[in-house]
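These notes concern the structure reproduced below.
Bear in mind that the values in this text are calculations on the coordinates, not laboratory data. Here the structure is a predicted model, which means the values were calculated and not measured. Don't worry about glycine lacking a Cβ; one is built from the backbone with ideal geometry, like all the others, and counts go over all protein chains shown.
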Ligand SMILES: Cc1cc2nc3c(=O)[nH]c(=O)nc-3n(C[C@H](O)[C@H](O)[C@H](O)COP(=O)(O)OP(=O)(O)OC[C@H]3O[C@@H](n4cnc5c(N)ncnc54)[C@H](O)[C@@H]3O)c2cc1C
């Protein structure tokens with residue numbers, strides 16, 4: 001039973017960018033803090049594509065949450081799946097075990113892949129959100145080359161060496177660029193029956209441009225770099241069918257052994273259990289201070305939150321993007337608001353400070369938009385590399401990643417070309 005003198009109980013759901021930043025910011029707050037996540041590790045999602053393309057190992061980009069927060073004695077880390085939140089009883093319901101009671105709640109459960117109502121496409125075209133996804137993509141990509149080496153006829157070989165990436169945002173571009181490098185450089189001298197350099201990598205984007213969030217000159221630079229790498233970019237095409245070994249986009253058909261999905265995200269289903277209004281993709285429409293209506297003690301942050309910054313002429317809202325910076329800044333604001341509430345002070349509106357936007361395309365190729373400075377090519381790639389390594393969790397990971405990157409840069413090699421996992425995939429590759 002809590003008494004008035006007891007420090008408040010703060011529960012944080014999620015140990016991703018938002019949840020971890022909130023937990024860290026709570027270090028100096030006099031509160032009992034519990035962080036709950038369904039996984040025991042934090043993943044640095046911006047480098048997931050490197051796991052998917054055999055450049056890095058899972059352990060290089062993930063750290064145990066318990067270890068990351070080990071210096072916070074008042075903070076408890078729990079491994080558990082949150083099923084729902086009962087905001088009127090102030091209880092977090094777990095899939096198993098007793099509910100967690102809270103005085104303040106920070107929900108940072110992130111996003112999942114969305115297949116726009118075609119969940120049957122998921123089996124053929126995995127997305128990239130988790131380490132498991134990264135390993136599954138790695139397995140399929142490496143298997144495609146192995147199967148092509150053994151294929152009986154040129155047509156099967158051609159299909160197995162065709163990779164279609166759906167979605168021209170940062171993740172789709174990173175994947176397509178890395179696949180092109182693997183085919184043209186990393187594997188170029190290792191197969192005897194197939195010419196891996198002839199692999200076809202197709203990037204499909206529904207909008208008019210890839211990397212739509214960047215200014216036009218940077219988008220154009222990215223398109224040039226993709227073309228240089230030999231990636232076929234098709235814009236303005238909407239995918240209408242994804243089946244075993246086949247993608248249809250309008251009138252076009254692509255026979256492809258490997259199809260990857262980087263086209264859509266939806267909010268974690270947990271958002272809908274809060275009883276607050278949500279947008280089309282399930283993101284929770286938060287108030288200016290990041291809490292939900294009628295519950296100033298419940299904050300939603302990161303990819304799960306829809307924070308409206310402005311309205312377009314047609315009334316549609318402009319939202320903050322689903323990026324790590326937003327989640328981390330929102331986390332700090334939510335904690336500051338809790339501190340203010342504990343001191344009897346009112347909430348203040350959240351203001352996002354945009355420090356810039358980067359995307360990598362391939363070796364020595366990236367684009368960076370810092371507002372006051374725009375970079376392309378090698379300088380942008382160095383900026384991208386430096387910022388990502390600095391932001392990685394844990395000194396060990398930073399050193400490991402830097403060494404592996406340097407090795408890969410000079411040798412064109414990818415050191416983690418291991419085909420692991422047992423799930424059958426012949427049926428999804430169409431051979
Ligand atoms: C492949 C990829 C590349 C990206 N690249 C970049 C980039 O270069 N730059 C950038 O700024 N952003 C990038 N992002 C976006 C960035 O990673 C997200 O915006 C950020 O992770 C959002 O933080 P979050 O805390 O809201 O969610 P997440 O970091 O996704 O964390 C959510 C956490 O909640 C846990 N969780 C979810 N549901 C439950 C549940 N029911 N019970 C218990 N735990 C649960 C999950 O296990 C996870 O640990 C990338 C994302 C992806 C997928």
*asked:* Taking 8 Å as the Cα distance limit and 6 or more residues as the minimum spacing, I'd like the relative contact order of region 159-203 as a percentage.
replied: 56
*Compute the length gained on full extension between residue 220 and residue 407: take 0.36 nm times their separation in residues and subtract their Cα-Cα distance, giving the result in nm to one decimal.*
64.3 nm
*Evaluate the Debye formula for region 292-431 with equal point scatterers sitting on the alpha carbons, no solvent, and hand back log10 of I(q)/I(0) at q = 0.15, 0.21 Å⁻¹, in q order, two decimals.*
-1.00, -1.25
*Return the FRET efficiency for the residue pair residue 386, residue 67: r is the Cβ-Cβ distance, R0 is 25 Å, and the value is rounded to the nearest 0.05.*
0.50
*At 0.36 nm per residue, minus the direct Cα-Cα distance, what do residue 419 and residue 378 gain on full extension? Give it in nm, one decimal, please.*
11.6 nm
*For region 156-177 and region 291-333, distance of Cα centres in Å*: 32
*Can you sort 102, 191 by how many other beta carbons sit within 10 Å, fewest first?*
191, 102
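What FRET efficiency comes out for the pair residue 241/residue 343, r = Cβ-Cβ distance, R0 = 41 Å, nearest 0.05?
The pair residue 241/residue 343 has a calculated efficiency of 0.10.
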_Fraction of the pair-distance distribution of region 243-323 above 15 Å, Cα-Cα pairs, percent_ = 64
*asked:* Please rank 28, 129, fewest neighbouring Cβ atoms within 10 Å first, as an exposure proxy.
replied: 28, 129
*If each residue's Cβ is checked for other Cβ atoms within 10 Å, how do 390, 342 rank with the fewest at the top?*
390, 342
*asked:* Using only the alpha-carbon atoms, how far is helix 324-342 inclined from the longest principal axis of the chain? Give it as 0 to 90 degrees, nearest 10.
replied: 10
*On a C-alpha basis, how far is the centre of region 96-144 from the centre of region 360-431 in Å? Whole number, if you could?*
21
*Do you know the relative contact order of the chain, to the nearest whole percent, from alpha carbon pairs under 8 angstrom that are 6+ apart?*
19
*Given the Cα atoms of the chain, and with Rh set as the inverse mean 1/r over their pairs in the Kirkwood sense, what is Rg to Rh to two decimals?*
0.99
